[in-house]
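J.: One structure coming up, written as structure tokens, with questions to follow.
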């Protein structure tokens, strides 16, 4: 039949399924009737395969508008253009940076919480104006311009932001393709490497000076005692003290749950640390006492005060600690402090690295013949560290006067 408006509207909709009305004048043009709608379509064979394209609903489109669209679509199909592949290509090319991040995080199931936080942080800061834009619009030129802008503010953050962006685009190259061809031919972050633009960032070396460790420890004890009288909570003071006693990373401490702590036997466990190897660490006597005095009212050992989850930051405690140390101290600086304390205690370097959760590569004896996942045999070493810290606090409180034992009978 020749499709006409009155024919389309007078034909009853089916109770279920679908019915097609085809136009004799324009082959492949028709209307699909379903229980709820009349929809214009075109259908043709492309390279031996039947393809159908939805043009729009009757009422939204007029018959004349639909016929014009049908002619365009049928012309493309006659030229060999596959509408199914073109649709997939268009969808892939429309993917925004925000959508890319959602897909990346969803597929990277073992991605650490800290890594997720970094990705979302840079989406909101470094690349906020790119969030809603298609990723194909992020070119090498735009990447180099943005990298320079970020580098002027913070070279280290610029490096981190673009390492994140590089990982995202590497994923996109494999994830978004049309007919087997990636919609992105090259990672735009490659321009940073090609132009040798990566910032040289001097490794951080901040730590509490050895002669200030006693004063810093005493300040933490003071904050723990007066907790509730100030804006500093006991949990935050305990959290920072735990970092100092264990050399743990912030995320390892913050995400620690009570089911991974054995106070009675004196050890704690990380199922998925940074080096991807499950590790059980010994707890010093000092750390055990600290944990014994913590209320077990939440699954997290160090829960957040005003929201669900764990502690997120401890700026107030670290600010007080920095005053006592005489220099600006970050949470990660406490790992370097732990390393320095271990050195003062004469603990072997390889033992210190294990206690800090580092992998030891290049040493066959340690790699293949030393227990690296259950470190409870290093209990004596961790106790030496804890006792040394407390001892420094005693010395600092006494005005740096070291009491010598008094010999009698001389």
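J.: Could you tell me which residue of the stretch 102-114 is farthest from residue 151 (Cα to Cα), considering only residues that are part of a helix (DSSP H, G or I) and free of Cβ contacts under 8 Å to residues at least 40 places away in the same chain?
T.: Only one residue fits best here, namely 106.
Residue-wise test of (1) modelled with pLDDT under 95; (2) in contact with a strand residue (DSSP E or B) (Cβ under 9 Å, 6 or more places away or on another chain); (3) not assigned by TED's automatic domain parsing to the domain that holds residue 392.
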{"position": "216", "(1), (2), (3)": "no, no, no"}
{"position": "224", "(1), (2), (3)": "yes, no, no"}
{"position": "232", "(1), (2), (3)": "yes, no, no"}
{"position": "241", "(1), (2), (3)": "no, no, no"}
{"position": "244", "(1), (2), (3)": "no, no, no"}
{"position": "260", "(1), (2), (3)": "no, yes, no"}
{"position": "263", "(1), (2), (3)": "no, no, no"}
{"position": "267", "(1), (2), (3)": "no, yes, no"}
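J.: Is there any pair with a first residue in the stretch 329-355 that is over 21 Å from residue 214 (Cβ atoms) and a second that is part of a helix (DSSP H, G or I) and at pLDDT below 95 whose Cβ atoms are under 6 Å apart and which are 6 or more apart or on different chains, and what are they?
T.: Matching pairs, first to second residue: 350/366.
J.: For the stretch 280-289, what are the residues that are touching a helix residue (DSSP H, G or I) at 6+ places or on another chain (Cβ under 8 Å) and surrounded by 19 or more Cβ atoms within 10 Å (Cβ to Cβ)?
T.: Hits for the stretch 280-289 are 281, 282, 283, 284, 286, 287.
J.: Filtering the stretch 119-158 down to residues that are part of a loop (DSSP other than H, G, I, E, B) and more than 18 Å from residue 183 (Cβ to Cβ), which residue is farthest from the chain's Cα centre (by Cα)?
T.: For the stretch 119-158, the residue satisfying everything is 154.
J.: Another one. Pairs please, first residue from the stretch 194-215 and without any contact (Cβ under 8 Å) to a residue 40 or more places away in the chain, second anywhere and not in a loop (DSSP other than H, G, I, E, B), Cβ atoms under 7 Å, 6+ apart in sequence or on different chains.
T.: 198/159; 198/192
J.: Any idea which of (1) in contact with a helix residue (DSSP H, G or I) (Cβ under 9 Å, 6 or more places away or on another chain); (2) exposed (fewer than 14 other Cβ atoms within 10 Å of the Cβ); (3) at pLDDT below 95 is the one residue 272 doesn't satisfy?
T.: (1)
J.: Please go through the stretch 39-68 and pick out each residue that is over 27 Å from residue 88 (Cβ atoms) and either outside any loop (DSSP other than H, G, I, E, B) or touching a residue at least 60 places away in the same chain (Cβ under 8 Å) (or both).
T.: Selection gives 63, 64.
J.: Going by the structure shown, is residue 178 more than 24 Å from the chain's Cα centre (by Cα), within 30 Å of residue 109 (Cβ to Cβ) and not assigned by TED's automatic domain parsing to the domain that holds residue 332?
T.: Criteria met by residue 178.
J.: Given (1) part of a loop (DSSP other than H, G, I, E, B); (2) touching a helix residue (DSSP H, G or I) at 6+ places or on another chain (Cβ under 7 Å), where does residue 212 come up short, assuming only one miss?
T.: For residue 212, the failing item is (1).
J.: Right, something else. Got a sec? Which of 32, 51, 45 is out of contact with any helix residue (DSSP H, G or I) (no Cβ under 9 Å at 6 or more places or on another chain) and more than 30 Å from residue 124 (Cβ to Cβ)?
T.: Just one listed residue meets the conditions, 32.
J.: Answer yes if at least one residue in the stretch 218-230 is under 29 Å from the mean Cα position of the chain (by Cα), part of a loop (DSSP other than H, G, I, E, B) and on the phi < 0 side of the Ramachandran plot, and no otherwise.
T.: no
J.: Given 92, 172, 156, 117, which one is in contact (Cβ under 8 Å) with a residue 60 or more places away in the chain and either out of contact with any helix residue (DSSP H, G or I) (no Cβ under 6 Å at 6 or more places or on another chain) or on the phi > 0 side of the Ramachandran plot (or both)?
T.: 92
J.: Residue 295 - would you say it is modelled with pLDDT under 95, part of a loop (DSSP other than H, G, I, E, B) and crowded, with 17+ Cβ neighbours inside 10 Å?
T.: no
Listed here are the residues, each with its yes/no results for (1) surrounded by 12 or more Cβ atoms within 10 Å (Cβ to Cβ); (2) under 45 Å from the mean Cα position of the chain (by Cα).
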position	(1), (2)
23	yes, no
28	yes, no
32	yes, no
39	yes, yes
49	no, yes
53	yes, yes
78	yes, no
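The values are calculated or read from the model by the stated rules, or taken from the named source; none is laboratory data. Remember, it's a predicted structure, so these values are computed and weren't measured experimentally. Because the Cβ atoms are built from the backbone with ideal geometry, glycine has one as well, and the counts that use them run over all protein chains shown.
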